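Please read the structure below before turning to the comments.
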Amino acid sequence: APPEAAEGRPGPGHEDFRPRIVPYYRDPNKPYKKVLRTRYIQTELGFHERLFVAVLTSKATLNTLAVAVNKTVAHHFPRLLYFTGLRSAKVPHGMVLVAHGDERPIWLMYETMNYIHQHFGSDYDWFYIMQDDTYAQAEQVKALVTHLSINQDVYLGRAEEFIGGDEQARYCHGGFGYLLSRSLLLKLHPHLDSCRNEILSVRPDEWLGRCIIDFLGITCVSQLQGQHYHTYELAKNTELEKEEEEDFQAALAVHPVSDMTLMYRLHKQFSRIQLDRVYQEIQDLQMQIRNLTALTPAGEAGVTWPVGINAPFLPKSRFEVISWDYFTEQHLFSCPDGSPKCELSGASKADVSEIIESAVEQLNRLYQPLLRFSKRQLLNGYRRFDPTRGMEYTLDLLLEAATQKGHSHVLAKRVSLVRPLSKVEIIPMPYVTEATRVQMVLPLTVQDLDFVANFLDMFAMNTLDTHDNALLTLLFIYHPYDAQRVGQVDVFAGVKAMVGELEKRYAEVKIPWISVKTEVPSQVKLMDIVSKKHPVDTLFFLASVWTEINMEFLNRCRMNTISNWQVFFPVHFQEFNPALVYRGDQTASSSTDFLRDGHFDRHSFAEACFYNSDYMTARTKLAADILDRDEVLESMEVFDVFLHYSGLHLFRAVEPGLVQKYTLRSCNPRLSEELYHRCVLSNLEGLASRSHLAMALFEQEQANST
């Protein structure tokens with residue numbers, strides 16, 4: 001470093017990046033203009049995404065090598081697109097393809113650079129161009145760009161000499177991939193048309209290199225800012241499993257890859273190399289932790305197990321103790337539904353099998369070749385989830401230990417295992433706001449008439465009085481007998497009168513209703529009618545007459561429902577029967593008892609938030625599956641439609657903002673057996689808690705005995 005830089009002062013060509021506060025000053029003579037803030041803070045701060053990857057493919061390799069690239073490394077890059085010169089090419093599943101319509105190599109490169117600049121030039125800092133016969137180590141490439149400065153014009157790759165050209169000029173070989181900085185791409189774009197007309201070349205990588213040299217004066221380099229772009233040229237008949245060269249293991253890109261099988265073998269080999277490095281790094285870190293812990297006041301006793309994993313959670317009172325769940329290979333003794341014993345199945349069974357297998361494998365690794373263990377039986381199993389470290393297991397295993405001489409002995413051994421929490425990942429979600437209009441849909445039958453007045457009062461108080469952006473549509477479900485007599489006696493006349501009073505009180509509000517005649521009020525059939533009468537971008541809230549609408553829930557409905565991404569099925573809170581819970585002591589719960597004397601009704605799927613476009617897409621797939629068998633719809637709910645016929649996220653969560661008073665609901669026996677059974681269970685579990693029911697039985701028995 002120059003002497004002045006060594007003394008702490010910035011030398012020539014260096015900038016002092018010490019931050020300084022710029023005071024805000026507003027000229028009182030100029031009119032005030034409202035500042036429009038950007039939607040995302042990273043836009044306002046000028047942040048860009050890190051890396052964009054472009055893969056050049058062709059007609060011959062689109063369904064072979066390009067697919068292999070997509071299956072091996074594509075998911076490791078933040079954004080990857082495939083570029084081809086084919087016209088109307090059939091895109092393989094899971095790939096994003098840009099077809100330019102001209103297979104000439106130079107034209108493909110020209111159009112690709114134009115496309116990247118136009119669509120991604122302002123969004124990314126680095127652009128990595130590779131061919132589909134190149135294997136790139138994605139993690140190594142991502143690590144490389146994190147160590148390079150974005151303020152320089154970078155043209156980095158495997159430098160090659162031009163044939164018969166300047167000895168000092170170099171271009172980056174396209175087979176091994178190359179890296180371009182955003183600043184270079186922006187400077188290059190105005191000259192692409194000139195390069196296309198003036199530079200003649202057979203190879204697209206030579207053409208691009210000559211263009212960058214002629215107009216920007218920048219040559220390809222293989223190392224920059226202390227970072228090396230390592231490559232490896234793959235020879236024919238190379239035995240990858242025995243390849244131990246340092247150049248091979250350090251390579252960011254390998255070329256040429258002749259077929260799909262070779263691509264998969266390369267991926268397997270480099271994955272094994274990466275795993276070995278990670279395991280070695282873990283061992284080194286654990287050794288450092290042990291050495292440093294010995295110097296602390298706690299000494300060696302301060303080393304936690306496993307080394308490097310957080311210590312177990314220490315409860316400060318008995319209420320914070322994390323309980324253990326007991327299990328065997330067949331049963332679980334802590335069930336989600338509260339029952340004392342249930343069959344071990346699904347993910348829990350796979351979890352237990354994997355843990356037992358891992359325990360035996362670790363024992364063999366520790367004691368071989370002196371002893372060889374095999375599992376006889378799981379005697380006892382315990383597990384608990386510790387939020388500070390992960391899932392903990394304690395297993396009592398009955399093992400058979402065999403010696404090298406063939407002797408065997410059966411013994412019981414207790415082992416402890418931890419499945420640690422992995423790296424936390426932030427899942428990107430589309431942007432939503434609380435300004436979206438909610439279209440509430442309320443189906444009504446004759447049995448619901450006693451509860452409509454309370455629903456409309458809560459709707460007026462919590463949405464109309466507060467001017468919330470929400471609308472209401474009523475769905476009158478007439479029985480065929482009532483529909484024939486609607487001219488003489490309209491069973492919904494009282495509800496229509498209430499609606500008229502609301503519309504008089506709130507002049508700007510209109511509450512439409514739709515009349516339907518049916519014996520079996522299928523939720524899907526009813527939604528089909530409503531869906532056709534609203535725009536595709538409508539956000540529906542499918543409500544029930546016992547629901548008490550409030551602004552807090554409506555905002556969560558807006559935020560948790562994302563078009564073409566996620567639907568929301570809230571689990572409402574159902575209050576218990578006050579006659580069983582209070583038994584005349586008190587008639588209503590106080591504010592401090594909110595959400596105490598009741599339960600979240602997981603059997604009910606009556607409430608739902610979803611966009612009309614998502615429903616129509618899923619409904620179209622359902623129609624193609626059932627053809628004209630409309631009777632199938634009677635056994636389905638809207639939840640089933642989204643679950644089986646859409647690729648959307650189904651967000652099912654408890655919703656404290658949806659509270660329903662107790663009522664004994666009528667279950668229609670003409671619905672499917674599953675829906676009827678679910679309705680009956682909801683009624684039974686909504687009576688009272690086990691303690692309240694036990695107290696009621698005890699008091700009844702005492703009364704009978706006297």
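The values are calculated or read from the model by the stated rules, or taken from the named source; none is laboratory data. Note that the structure is a prediction, hence the values are computed from the model and not measured. Counting neighbours? That spans all protein chains shown, and the Cβs are built from the backbone with ideal geometry, glycine included. The protein model used for the area step is the full one, side chains on, heavy atoms only, and it has no ligands, DNA or RNA in it. Shrake-Rupley method; radii C 1.70, N 1.55, O 1.52, S 1.80 Å.
Scanning segment 130-164 for residues that are in contact with a strand residue (DSSP E or B) (Cβ under 7 Å, 6 or more places away or on another chain), in a helix (DSSP H, G or I) and among the aliphatic types (A, V, I, L, M) returns Val141, Leu144, Val145. Against the conditions (1) free of Cβ contacts under 8 Å to residues at least 60 places away in the same chain; (2) farther than 30 Å from Ala453 by Cβ; (3) in the same structural domain as Met458 (by the TED database); (4) in a helix (DSSP H, G or I), Glu701 satisfies every one except (3).
Taken over segment 366-406, the criterion of being small (Gly, Ala, Ser) and closer than 23 Å to Asp325 by Cβ is satisfied by Gly381, Gly390. Residue pairs whose Cβ atoms lie under 6 Å apart, separated by 6 or more positions or on different chains, with the first residue in segment 515-533 and not assigned by the TED database to the domain that holds Thr620 and the second aromatic (Phe, Trp, Tyr) and open to solvent by 20 Å² or more (accessible area, probe 1.4 Å), do not occur. Against the list (1) of a type in the set (Gly, Ala, Ser); (2) touching a strand residue (DSSP E or B) at 6+ places or on another chain (Cβ under 9 Å); (3) open to solvent by 50 Å² or more (accessible area, probe 1.4 Å), the condition Ser181 fails is (3). Residues that are in a helix (DSSP H, G or I), open to solvent by less than 40 Å² (accessible area, probe 1.4 Å) and at pLDDT 85 or above are absent from segment 645-667 altogether. Identification of helices (runs of 4 or more DSSP H) wholly contained in segment 165-222 with 2 or more residues that are on the phi < 0 side of the Ramachandran plot, in the same structural domain as Gln131 (by the TED database) and among the acidic types (Asp, Glu) yields 192-198, 204-216. Say whether the condition of being within 21 Å of Ala453 (Cα to Cα), of a type in the set (Val, Ile, Thr), touching a helix residue (DSSP H, G or I) at 6+ places or on another chain (Cβ under 9 Å) and surrounded by 15 or more Cβ atoms within 10 Å (Cβ to Cβ) is met by at least one residue in segment 518-527. No, segment 518-527 has no match at all. Annotation note: of Ile322, Ile355, the sole residue that is in contact with an Asp or Glu (Cβ under 8 Å, 6 or more places away or on another chain), surrounded by 10 or more Cβ atoms within 10 Å (Cβ to Cβ) and modelled with pLDDT of 90 or more is Ile322. Inspection of segment 487-495 identifies no residue that is within 21 Å of Met636 (Cβ to Cβ) and assigned by the TED database to the domain that holds Ser563. The set of residues from segment 89-116 being among the β-branched types (Val, Ile, Thr), open to solvent by less than 50 Å² (accessible area, probe 1.4 Å) and closer than 19 Å to Val53 by Cβ comprises Val98, Thr112, Ile116.
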